[in-house]
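Chemist: Can you keep this structure in mind? I'll have questions shortly.
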Amino acid sequence: MADKRIGVVGCSGEECLGGTISRLVVRKMLEELRPGITTSLCLPLFIAGGEEERRFADKYPTIAIDGCSKCCAKRAIEKFSNKVAGSIDICQIIGEEAAMDKPLSTRNLTDKHLEYVKQVSDKTCEIFDGLV
Ligand code: SF4
């Protein structure tokens, strides 16, 4: 059977809600939505020179999920490895004002925040399924 793994890379943003959502969507893809064929890559390790992470992104399709329009994950993948197969700027899905709001602990997520996670997850699944 062909190896169908797809990398999903969150941006690790700690300064805004978009970064929080990015990390939550990666977990959801791994654990609930597309378990088994989703692989997460650690962006800080990737940037620091992690050879395994860079090899993975070179060989397999990756989807960058960025918390804001600076698109750190996408830029890092394309600088150090290969072109991304898909890219999400959370600002473009939930709006810039919401994405740039203050970050939250997962304990304090409201229904509105969970709806944002769902919107970004839906978009990630759409891109993901187009790559499988
Ligand atoms: S994409 Fe935006 S939220 Fe994510 S790490 Fe970069 S600056 Fe922070």
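Chemist: How far apart, in nm, are two points set 7 Å out from the Cα along the Cα-to-Cβ line at Lys70 and at Asp101?
Modeler: Distance between the two pseudo-spin positions: 2.0 nm.
Chemist: Per-residue HN-Hα couplings for segment 45-56, Karplus 6.51 cos²θ - 1.76 cosθ + 1.60 at θ = phi - 60°, whole Hz, x for Gly and Pro?
Modeler: Karplus-based 3J(HN,Hα) across segment 45-56 equals 5, 4, 5, 6, x, x, 5, 5, 5, 5, 5, 4 Hz.
Chemist: Using only Cα atoms and rounding to the nearest 10 degrees, what angle (0 to 90) does helix 111-131 make with the longest principal axis of the chain?
Modeler: For 111-131 against the chain, the angle is about 20 degrees.
Chemist: Also, quick follow-up: With a 1.4 Å probe and all protein chains left in place, how much of the accessible area of the chain comes from carbon and sulfur atoms, in whole percent? Could the numbers behind the result be given before it?
Modeler: Working: 3580 of 7280 Å².
Accessible surface attributable to carbon and sulfur in the chain totals 49 percent.
Chemist: Let me ask something additional. In Å, what is the Rg of the alpha-carbon atoms in segment 14-131, and how long is Dmax?
Modeler: 13.7, 39
Chemist: Considering only protein heavy atoms, what per residue accessible area in square angstrom results for segment 14-131 with a 1.4 angstrom probe?
Modeler: Details: 6530 Å² over 118 residues.
Here the per-residue accessible area is 55 Å².
Chemist: Please state the relative contact order of the chain as a whole percent: Cα pairs under 8 Å, 6+ residues apart? Provide the component values of the computation, followed by the final result.
Modeler: Values: 222 pairs, mean separation 41.3, N = 132.
It rounds to 31 percent for the chain.
Chemist: Now for a separate question. Taking one equal scatterer on every alpha-carbon of segment 37-102, how large is log10 of I(q)/I(0) by Debye at q = 0.27 1/Å?
Modeler: At q = 0.27 Å⁻¹ the computed log10 ratios are -1.12.
Chemist: Something else: Going by amide H atoms built from the backbone, whose H comes under 5 Å of the H on Ser40, apart from near neighbours?
Modeler: Close amide H contacts, sequence-distant or interchain: Val8.
Chemist: Give the distance, in whole Å, between the Cα centre of segment 1-56 and the Cα centre of segment 98-132.
Modeler: Going from one Cα centre to the other spans 14 Å.
Chemist: Divide by every residue of the chain the summed helix terms, -39500 (n - 2.57) for each DSSP H run of at least 4, and state the resulting mean residue ellipticity at 222 nm, rounded to the nearest 500 deg cm²/dmol. Walk me through the numbers on the way to the answer.
Modeler: On the way: 7 runs with 66 residues, N = 132.
That calculation yields -14500 deg cm²/dmol at 222 nm.
Chemist: Name the long-range amide H neighbours of Thr62: under 5 Å, sequence gap of 5 or more, or other chain; modelled H, no Pro or chain starts.
Modeler: For Thr62, the qualifying residues are Gly7, Ala85, Gly86.
The values are calculated or read from the model by the stated rules, or taken from the named source; none is laboratory data. Since the model is a prediction, treat every value here as computed from it, not as a measurement. Note: ideal-geometry Cβ built from the backbone for every residue, glycine included; neighbour counts use all protein chains shown. Just so you know, the surface numbers come from the protein's heavy atoms only, side chains and all, with ligands and any DNA or RNA stripped out. Shrake-Rupley method; radii C 1.70, N 1.55, O 1.52, S 1.80 Å.
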